[in-house]
1. So, in the range 128-167, how many residues would count as being within 21 Å of the chain's Cα centre (by Cα), within 16 Å of ligand 2 (Cβ to nearest atom) and among the small types (Gly, Ala, Ser)?
2. State all residues of the range 250-274 that are of a type outside the set (D, E, K, R) and within 16 Å of ligand 1 (Cβ to nearest atom); if no residue qualifies, say none.
3. Please state which one of PRO138, PRO131, PRO148 is modelled with pLDDT of 95 or more and under 21 Å from GLY94 (Cβ atoms).
4. Filter the range 93-133 for residues that are closer than 13 Å to GLY353 by Cα and surrounded by 22 or more Cβ atoms within 10 Å (Cβ to Cβ); which is farthest from ligand 1 (Cβ to nearest atom)?
5. Quick one: how many residues across the range 147-164 are exposed (fewer than 14 other Cβ atoms within 10 Å of the Cβ) and out of contact with any helix residue (DSSP H, G or I) (no Cβ under 9 Å at 6 or more places or on another chain)?
6. Applying the selection to the range 226-237, what residues are within 15 Å of ligand 1 (Cβ to nearest atom) and out of contact with any Leu (no Cβ under 7 Å at 6 or more places or on another chain)?
7. Would you please list the contacts, defined by Cβ atoms under 9 Å and residues six or more apart or on different chains, that run from a residue in the range 82-109 that is in a helix (DSSP H, G or I) and within 16 Å of ligand 2 (Cβ to nearest atom) to a residue that is aliphatic (A, V, I, L, M) and at pLDDT 95 or above?
8. List pairs: first in the range 226-240 and without any contact (Cβ under 8 Å) to a residue 60 or more places away in the chain and over 12 Å from GLU206 (Cβ atoms), second of a type outside the set (Gly, Ala, Ser) and within 12 Å of ligand 2 (Cβ to nearest atom), Cβ under 6 Å, 6+ apart or cross-chain?
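The values are calculated or read from the model by the stated rules, or taken from the named source; none is laboratory data. Since the model is a prediction, treat every value here as computed from it, not as a measurement. Here Cβ is always computed from backbone atoms with ideal geometry, including for glycine, and neighbour counts include all displayed protein chains.
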Amino acid sequence: MAMGWDDAQHPVARSVSSHSDAADLRQAARWAHADGMRTAAWGFVGTVLLAPALLAGAKDGRLDIYWIDSQGGGSTLVVTPGGESILIDAGNPGGRDSGRIHALATTVAGLSRIDHLITTHLHVDHYGGAPELAALMPIGTVHDNGIPAEDPDGNHDPTWPARIKGYREMKVEAREVVRPGTRLALKSAKDDQPKFTVRFVAARGEYGLATLGVANIVACQDPHPRPIDTSDNANSVVTLVEFGAFRFFDGGDVTWNVEAGLVCPVTQVGPVDVFQVNHHGLDASNNPMLLRSLAPRVAVFNNGPTKGCAPAVALALRGLPEPPVVYQVHRNKNDAGANTEAEKIANPDPEGGRYLALSVAPDARSYVVTVPATGHRFTYPVRGQP
Ligand SMILES: [Zn+2]
Ligand SMILES: [Zn+2]
């Protein structure tokens, strides 16, 4: 099984940390931070004093992705090679998740603002922390499916207007409704760097890329559709982040039948390097048709201690022709057999607060995944274009 190489043995991996002094400093801060995390009782204690002097304003040409712990919510932060920030979902309300996002953004990623917030869908574990975050740091443009007058799950919930009020009224610089097939307007990477793009593959059950655009006869032979999902999960914004040949897929909580449409009748995305497992790893999502097509090398569960990382999904990933290396934000308390190796789990304890990090080299030829809480780090080669 192709799993990548250890840093000490591989020339590409060594080059990751030797391309510039600034990057070395930033990387050193990360590892120092990882050391601190082993003894910190709660996620960010210790980082506040350690990181800012090294990281603030750093534009090192790397693509960084952080999975922040929102206890089974969505909260993935992307820092582009051009130094812009994209938060995909903002966790739950209540102060905990917005505080964790703000702390990581400012002290680890060196950010003073969120340039783009992508809200994949209007479930509270994805939009709930956004109004609080907007009070903690400026948010540029919000990208979502628009805010419907009635609850998007179709339940005619009379509390919907009150539930969405904070999100509707939060102070942001602009709002845009996602159109499938379009891309975010971003600063490019440096002139000598590979191309960087963030594209919306799907939204509201509509598709927009079809990069391969050919009939997918093999994948369409074995569909097992489920009853139509009338929840807002099916409307999830599906985002593809590409840096050179590196590809990262974040599908929010997109569910089974819409996942099938990403593959059949035509392939919308094709193979990726890194897959944020859909819907926290619940088995209402993660249709094997899609898993086979994405064929990820690394899979990340943004699960909670008792939510997501379902045994059926873990098994489906392990059953792929080349099983991905799996990372988890939380240890699954209920189903020990679904868990990956302990060193690849950010939070062994339900209280959580610790994150996972991924950093793509400026030449987009390799990326490092780190688990600061356990000291794990591993360098993977970027796979070729599909
Ligand atoms: Zn969710
Ligand atoms: Zn959802």
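1. Within the range 128-167, residues that are within 21 Å of the chain's Cα centre (by Cα), within 16 Å of ligand 2 (Cβ to nearest atom) and among the small types (Gly, Ala, Ser) number 3.
2. If the condition is that a residue be of a type outside the set (D, E, K, R) and within 16 Å of ligand 1 (Cβ to nearest atom), then GLY251, GLY252, VAL254, THR255, TRP256, VAL258 are the ones that fit.
3. PRO131
4. If we take residues in the range 93-133 being closer than 13 Å to GLY353 by Cα and surrounded by 22 or more Cβ atoms within 10 Å (Cβ to Cβ), then LEU104 is farthest from ligand 1 (Cβ to nearest atom).
5. Result for the range 147-164: 5.
6. ASP229, SER231, ASN233, ALA234, ASN235, SER236, VAL237
7. ASP97/ILE68; ASP97/ALA90; ASP97/LEU133
8. ASP229/THR255
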